[in-house]
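Take a look at the structure below.
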């Protein structure tokens, strides 16, 4: 079974409406991490190219520098969303009941998988962002 087929099967086993709470709980951390990382990338770029900012930059490298931090922010935001929703006693009880049928759905398994994804995406994102920062945006 492919990764996508397994993901679809896991998603079909998650029936509780409490899962929907993960969406808004993850949006703020994803947006925050992305915004901070993008602003840090801009500040680093301004060190090398003082006349170029995100507002004035053109071309592919400014897009790479601005968008690639999103790929690191997504699993970090998902980790935070799981953590926040886990703190709601009713949600935890329902979600733990769902996970009892499939250990891969458990909080600890989910967090472990997301930590691994966060590390891998952070390395790729950092590499791309660094490349975008070091190259001119004009």
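Restricting attention to region 112-130, the residues that are surrounded by 15 or more Cβ atoms within 10 Å (Cβ to Cβ) and either assigned to a loop (DSSP other than H, G, I, E, B) or out of contact with any helix residue (DSSP H, G or I) (no Cβ under 6 Å at 6 or more places or on another chain) (or both) total 2.
Condition check for residue 52 on (1) part of a helix (DSSP H, G or I); (2) farther than 28 Å from residue 23 by Cα: one failure, at (1).
Per-residue answers, yes or no, for (1) loosely packed, with under 11 Cβ neighbours inside 10 Å; (2) modelled with pLDDT of 95 or more:
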residue: 3; (1), (2): yes, no
residue: 13; (1), (2): no, no
residue: 16; (1), (2): no, no
residue: 30; (1), (2): no, yes
residue: 34; (1), (2): no, yes
residue: 37; (1), (2): no, yes
residue: 44; (1), (2): no, yes
residue: 48; (1), (2): no, yes
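Cβ-Cβ contacts under 6 Å between residues 6 or more apart (or on different chains), taken from a first residue in region 28-40 that is under 14 Å from residue 126 (Cα atoms) to a second residue that is assigned to a helix (DSSP H, G or I) and at pLDDT 95 or above, are listed as 33/73; 33/76; 34/69; 34/70; 34/73; 37/69; 38/66; 38/69. The condition (being in a helix (DSSP H, G or I) and surrounded by fewer than 18 Cβ atoms within 10 Å (Cβ to Cβ)) is satisfied by just one residue among 133, 85, 63: 63. A count restricted to region 94-111 and to residues that are free of Cβ contacts under 8 Å to residues at least 24 places away in the same chain and either part of a loop (DSSP other than H, G, I, E, B) or touching a strand residue (DSSP E or B) at 6+ places or on another chain (Cβ under 9 Å) (or both) stands at 1. The set of residues from region 88-104 being under 21 Å from residue 27 (Cα atoms) and surrounded by 18 or more Cβ atoms within 10 Å (Cβ to Cβ) comprises 91, 95.
The values are calculated or read from the model by the stated rules, or taken from the named source; none is laboratory data. All values reported here derive from a predicted model rather than from experimental measurement. A quick note on method: Cβ atoms are made from the backbone with ideal geometry, for glycine too, and the neighbour counts reach across all protein chains shown.
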